[in-house]
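Enquirer: Mind having a look at this structure? Questions to follow.
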Amino acid sequence: MARLYGSEVRRIPTSSPLVALTFNAAWDETGVETALTVLRGRNVPATFFLTGRFAERHPGAARLMAAEHGIGNHSYSHPRFADLTRPEAEQEIMGADRAIRRATGAVPLPFFRFPYSATTPEGIAHANELGFADIEFTADTNGYLGTVGGMTVQKVVDRVVNALTPGAIVQMHVGTAQGRGAALDVQALPQIIDAIHAHGYRITDLRTVLE
């Protein structure tokens, strides 16, 4: 873990054609079962970053994710950490850790992803002190914007393809914010997996960075 501390991690340190898929879970759970079905059918790993509030509201979905994949911490309530005091930030991180453990019965990975990817050196250092490496992403699909935000399944796939580089970490979302329609990332997932493989990349488990 020590080698992951001190900075934000936006790609797996490798020169091999590997890509890691990650999903944030902070809103609804509508896309969870479909995403898991696709991942299982394609024998592809992913990592899910849950908020504590999501784990409390959707414990069944949280357990399903934790049963098959690594799970990380995405704060308790998804605030902007720049607006928080140091005690409030600790409460967000550790409160999420407790909620995820209660909901899933599993031990989360020592990975923390800042809401909005709004990292600061001070915030990263604090997360490290609490035992978490900051795991961000190389590219976001922007699928969470939904069709009302101008996104389509094809645009989601294209953003992944355009970001392909050894060790890339792709950020997606299993649900959607209220009023933004269907979970485009989940709809695009089969095409995303096919496109990654077609470009000669292999999808790896983000947990490999701990090995």
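Enquirer: How many residues are out of contact with any helix residue (DSSP H, G or I) (no Cβ under 6 Å at 6 or more places or on another chain), part of a helix (DSSP H, G or I), under 16 Å from Val38 (Cα atoms) and in contact (Cβ under 8 Å) with a residue 60 or more places away in the chain if we restrict to region 193-211?
Expert: Summing the residues that are out of contact with any helix residue (DSSP H, G or I) (no Cβ under 6 Å at 6 or more places or on another chain), part of a helix (DSSP H, G or I), under 16 Å from Val38 (Cα atoms) and in contact (Cβ under 8 Å) with a residue 60 or more places away in the chain in region 193-211 gives 1.
Enquirer: Can you tell me how many residues within region 15-31 are β-branched (Val, Ile, Thr), more than 12 Å from Ile135 (Cα to Cα) and modelled with pLDDT of 95 or more?
Expert: The number of residues fulfilling the criteria is 1.
Enquirer: In contact with a Ser or Thr (Cβ under 7 Å, 6 or more places away or on another chain) and surrounded by fewer than 20 Cβ atoms within 10 Å (Cβ to Cβ): is that true of Arg53 in this structure?
Expert: The answer is yes for Arg53.
Enquirer: Could you check how many residues of region 16-32 are open to solvent by less than 10 Å² (accessible area, probe 1.4 Å) and among the aromatic types (Phe, Trp, Tyr)?
Expert: Number satisfying all stated conditions: 1.
Enquirer: Considering Phe81, Phe137, which residue is on the phi < 0 side of the Ramachandran plot, out of contact with any Asp or Glu (no Cβ under 9 Å at 6 or more places or on another chain) and of a type in the set (Phe, Trp, Tyr)?
Expert: Phe137 is the lone residue from the list that is on the phi < 0 side of the Ramachandran plot, out of contact with any Asp or Glu (no Cβ under 9 Å at 6 or more places or on another chain) and of a type in the set (Phe, Trp, Tyr).
Enquirer: Among the residues of region 135-188, how many are open to solvent by less than 10 Å² (accessible area, probe 1.4 Å), among the hydrophobic types (A, V, I, L, M, F, W, C) and outside any helix (DSSP H, G or I)?
Expert: Residues in region 135-188 being open to solvent by less than 10 Å² (accessible area, probe 1.4 Å), among the hydrophobic types (A, V, I, L, M, F, W, C) and outside any helix (DSSP H, G or I): 6 in total.
Enquirer: Then there's this: Does Ala35 satisfy being open to solvent by less than 20 Å² (accessible area, probe 1.4 Å) and within 22 Å of Asp205 (Cα to Cα)?
Expert: For Ala35, the condition - open to solvent by less than 20 Å² (accessible area, probe 1.4 Å) and within 22 Å of Asp205 (Cα to Cα) - is met.
Enquirer: Here's something else I'd like to know. Can you tell me how many residues in region 30-57 are among the polar types (S, T, N, Q), farther than 11 Å from Pro190 by Cα and touching a residue at least 40 places away in the same chain (Cβ under 8 Å)?
Expert: 3
Enquirer: So, in region 98-108, how many residues would count as being surrounded by fewer than 21 Cβ atoms within 10 Å (Cβ to Cβ) and part of a loop (DSSP other than H, G, I, E, B)?
Expert: Total satisfying the criteria: 3.
Enquirer: Shifting gears a bit: With the structure loaded, tell me whether Ala62 is among the hydrophobic types (A, V, I, L, M, F, W, C) and open to solvent by 10 Å² or more (accessible area, probe 1.4 Å) or whether it fails that test.
Expert: Answer is no for this residue.
Enquirer: Is there any pair with a first residue in region 115-132 that is within 9 Å of Ile93 (Cβ to Cβ) and a second that is part of a helix (DSSP H, G or I) and open to solvent by 60 Å² or more (accessible area, probe 1.4 Å) whose Cβ atoms are under 9 Å apart and which are 6 or more apart or on different chains, and what are they?
Expert: His126/Arg86; His126/Glu90; Leu130/Glu90
Enquirer: Continuing with this model, one more query. Given (1) open to solvent by less than 20 Å² (accessible area, probe 1.4 Å); (2) under 22 Å from Tyr5 (Cβ atoms); (3) assigned to a helix (DSSP H, G or I), where does Ala125 come up short, assuming only one miss?
Expert: (1)
Enquirer: Sticking with this structure for a sec: Test Ile124 against the stated conditions and say whether it is aliphatic (A, V, I, L, M) and under 27 Å from Ile196 (Cβ atoms).
Expert: Judged against the criteria, Ile124 is not a match.
The values are calculated or read from the model by the stated rules, or taken from the named source; none is laboratory data. In this text, all values refer to a predicted model and were calculated from it rather than measured experimentally. Cβ coordinates were reconstructed from backbone atoms using ideal geometry, including for glycine residues, and neighbour counts include every protein chain displayed. Side chains are part of the model used for accessible areas, which takes the heavy atoms of the whole protein and leaves out ligands, DNA and RNA. Shrake-Rupley method; radii C 1.70, N 1.55, O 1.52, S 1.80 Å.
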